[in-house]
Amino acid sequence: MQNKLKLITILGCILGFACFMGLSYGGAADGYLGSIHTNKNIRCADCHGAAAPVKGDTVENEVCSKCHGTYEKLAAKSMNPKIPNRNPHQSHLGEIDCVVCHMAHKPSEAYCNGCHAKFDMKIPGH
Ligand code: HEC
Ligand code: HEC
Ligand code: HEC
Ligand code: HEC
C-alpha cells in the first residue's frame, strides 16, 4: 500500500513537471516556433530527443533537416527571384546552425538583418 502511494506520488510529480514544462515551452499562444510545432502535434521529443528537455538544450541541424530537408532544399524554397542572392538559406555565412536564426521559445531573428539593415527579411515565430 505504502509503495503504491509512493508510486502514485512519483507519477503525479512527473506528469505535473511535464505539464509545467509544456506550458512554459510550448504555450499555444506565445507564437514562437516551438509552439507553432506543438500546435501541429509535434512533441518536445521530436525536436529534443528527450521528453523533458533541460536548460541549455539546443537542437542540431540534422534533426530539423529530417523534417524540413537540407540547406539546399530550403534555399530553393526561400529563393526570391527578384533578389536571388538575399537568401537566408544560401549565403556567405555557409551552413550555419539553424538556431542562429530560428529560436524555438523566444523570438526568432533573421541574423542577416544585424549587418544588412536594408534587407528587411521576415522570419516566422516572433
Ligand atoms: C521545433 C523544435 C522544438 C520543439 C517542438 C520544442 N523545442 Fe525546445 N528548443 C528548441 C530549440 C531550437 C532550442 C534552443 C533555442 C531556444 O532556446 O529557443 C530549444 C531549447 C529548449 C530548452 C532550453 C532553454 C534554455 O533557455 O536553455 C528547453 C528547456 C526546451 N527547449 C524545452 C522544450 C519543451 C518542454 C518542449 C515541448 C513542450 C519543447 N522544448 C519543444 C526546439 C524545439
Ligand atoms: C518532426 C518533424 C519536425 C521537426 C523535427 C522540425 N519541424 Fe519545423 N515544422 C514541422 C511541421 C509539420 C511544420 C508545420 C508546417 C506547416 O504548417 O505547413 C513546421 C513548421 C516550421 C517552420 C515554419 C513556420 C511557419 O509559420 O511558417 C519553420 C521555420 C520550422 N518549422 C523550422 C524548424 C526548425 C529550425 C527545426 C529544428 C530546430 C524544426 N523546424 C524541426 C515539422 C518539423
Ligand atoms: C540566417 C538565418 C537563417 C538560418 C541560419 C536558417 N533559416 Fe530558415 N528561415 C529564415 C528566414 C528569414 C525565413 C523566412 C523566409 C522564407 O520563408 O522564405 C526562414 C524560413 C524557414 C522555413 C519556412 C519556410 C520554408 O521555406 O519552408 C523553414 C522550414 C526553415 N526556415 C528551416 C530552416 C532550417 C531547417 C535551417 C537549418 C538547416 C534554417 N532554416 C536555417 C532564416 C534562417
Ligand atoms: C556579421 C555581419 C554579416 C552577416 C550576419 C551577414 N552578412 Fe552579408 N555581408 C557582410 C559584409 C561585411 C559584406 C561585404 C560588404 C558589403 O557588400 O556590404 C556582405 C555582403 C553580402 C552580399 C553581397 C552584397 C549585397 O549587399 O548585395 C549579400 C547578398 C549578402 N551579404 C547576403 C547576406 C545574407 C543573405 C545573410 C544572412 C543569411 C548575410 N549576408 C549575413 C556582412 C554580413
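For region 56-98, filtering for residues that are in a helix (DSSP H, G or I) and not hydrophobic (A, V, I, L, M, F, W, C) leaves 10. Only one entry of MET103, MET121 meets the criterion of being surrounded by 15 or more Cβ atoms within 10 Å (Cβ to Cβ), in contact (Cβ under 8 Å) with a residue 12 or more places away in the chain and closer than 20 Å to TYR25 by Cβ, and that entry is MET103.
The set of residues from region 40-51 being part of a loop (DSSP other than H, G, I, E, B) and either touching a Leu at 6+ places or on another chain (Cβ under 8 Å) or surrounded by fewer than 13 Cβ atoms within 10 Å (Cβ to Cβ) (or both) comprises LYS40, ASN41, ARG43, GLY49, ALA50, ALA51.
Total residues in region 106-115 satisfying the condition of being within 11 Å of ligand 4 (Cβ to nearest atom) and either in contact (Cβ under 8 Å) with a residue 12 or more places away in the chain or of a type in the set (A, V, I, L, M, F, W, C) (or both): the figure is 5. Among residues of region 50-61 that are closer than 17 Å to CYS101 by Cα, those with a Cβ under 8 angstrom from a residue that is among the hydrophobic types (A, V, I, L, M, F, W, C) and surrounded by 13 or more Cβ atoms within 10 Å (Cβ to Cβ), sequence gap 6+ or separate chain, pair up as THR58/VAL99; VAL59/CYS47; VAL59/CYS98; VAL59/VAL99; VAL59/ALA104; ASN61/CYS98. Does ASN87 qualify as being more than 9 Å from ligand 1 (Cβ to nearest atom) and in contact (Cβ under 8 Å) with a residue 12 or more places away in the chain? Answer is yes for this residue.
Looking only at residues of region 95-124 that are under 19 Å from ASN61 (Cβ atoms) and among the small types (Gly, Ala, Ser), we find that the one that is nearest to the chain's Cα centre (by Cα) is ALA104. One residue stands out in region 99-126 among those that are in a helix (DSSP H, G or I) and either closer than 15 Å to TYR32 by Cα or in contact with a His (Cβ under 8 Å, 6 or more places away or on another chain) (or both): the one that is nearest to ligand 2 (Cβ to nearest atom), namely VAL99. Just checking, how many residues over region 71-94 are under 17 Å from the mean Cα position of the chain (by Cα) and exposed (fewer than 12 other Cβ atoms within 10 Å of the Cβ)? Number satisfying all stated conditions: 0.
FYI, it's all coordinate maths here, none of it is from the lab. What you are looking at is a predicted structure, and each value in this text was computed from that prediction instead of being measured. Note: ideal-geometry Cβ built from the backbone for every residue, glycine included; neighbour counts use all protein chains shown.
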